[in-house]
Amino acid sequence: MKQYIPTLKRTKLFAGVNDDEISAMLDCLQAKLLSYKKGDYVFRQGEPIDKITVLLEGKLLIQKDDFWGNRSIVNVIDIGEMFGEAYVAPESKTILNDVIADADSVVIFFDIRKIITVCPSACDFHSKVVQNMFFAISEKNRKLIQKLGHLSKRSTRAKLISYLSEESKRQNRNTFTIPFNRQQLADFLSVDRSAMSSELCKMRDEGLLLFEKNRFTLL
């Protein structure tokens, strides 16, 4: 587990906490390391959740299927990002979505109660982790607001323009890659894949953008 300390150090949860302090907290927070193959479920909708997770390797998708199998991708969890903090409150009950490995992944689990309950010694670095978790929740809320902005657009083209423009600004370049394949992008924006692909081709022909797989250039 200690081989992942450099990765943990770069996460928002452990920002400002040094290697020795992280090492000491792994036992304190009852850390548990698990590996998943692509397509494995990390969590299933309806399960109770009492852990905060941090992705150390791979990629996870937060998604939801309706009764007829239509899929919506709620969010992506990349290396260093955490999940589960939204379920800290006791009344949160069970998880609302599935969390699935989109690639072979390694995840570390921390006991939520151990994180939010500062130990008797009140060590500074534990208090720092609690503060970091609050900031991370705030950042997650901001991203959800951004996604709602994309979904609020009325047309497929408007949703694409909103999302791709935001990614260009976030990565500070007009050529960038996105974390989705075509089907995943359609699921993320809640649009039909064929209609979206057709719209992308029209935008390319009109000189608005270029694309190859998940790499885009805005013109």
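The heavy atoms of residue 71 offer some 110 square angstrom of accessible surface to a 1.4 angstrom probe. The convex hull drawn around the Cα atoms of the chain, when projected onto a plane and averaged over every direction, covers 13.2 nm².
Over the chain, Cα pairs under 8 Å with separation of 6+ residues give a relative contact order of 21 percent. Modelled spin-label separation between residue 70 and residue 103, with each label point placed 7 Å from Cα along the Cα-to-Cβ direction: 3.1 nm. Distance between the 7 Å Cα→Cβ label points at residue 175 and residue 37: 3.8 nm.
Only four residue types carry charge here, +1 at the Cβ of Lys and Arg and -1 at the Cβ of Asp and Glu. Report the dipole size of the stretch 91-219 about the Cα centre in Debye, rounded to the nearest 20. Don't skip to the answer; put the middle values down first.
Working: 21 positive and 15 negative charges, 75 e Å.
Roughly 360 debye for the stretch 91-219.
Of all stretches in the chain that contain no chymotrypsin sites (Phe, Trp or Tyr not before Pro) in a DSSP loop with at most 10 other Cβ atoms within 10 Å, the longest one is 69-219.
Compared with the dominant principal axis of the Cα atoms in the chain, helix 156-171 is inclined by about 50°.
Using only the heavy atoms of the protein chains and a 1.4 Å probe, how would 213, 59 rank by accessible area, largest first? Write down the numbers at each step before the final one.
Working: 213 165, 59 35 Å².
From most accessible down to least: 213, 59.
Sorted into 10 angstrom bins from 0, the C-alpha pair distances of the stretch 58-138 split as 14, 40, 32, 11, 2, 0 percent.
In straight-distance terms, cross-link reach from residue 128 covers every one of the lysines whose alpha-carbon lies under 28 Å from its own, apart from those fewer than eight places away in the same chain; here that gives 2, 9, 12, 32, 51, 59, 93, 114, 140, 143. Counting only alpha carbon atoms, the long axis of helix 193-205 and the longest principal axis of the chain meet at about 60°.
The values are calculated or read from the model by the stated rules, or taken from the named source; none is laboratory data. Note that the structure is a prediction, hence the values are computed from the model and not measured. Cβ coordinates were reconstructed from backbone atoms using ideal geometry, including for glycine residues, and neighbour counts include every protein chain displayed. All accessible areas refer to the heavy atoms of the entire protein, side chains included, with ligands and DNA or RNA removed. Shrake-Rupley method; radii C 1.70, N 1.55, O 1.52, S 1.80 Å.
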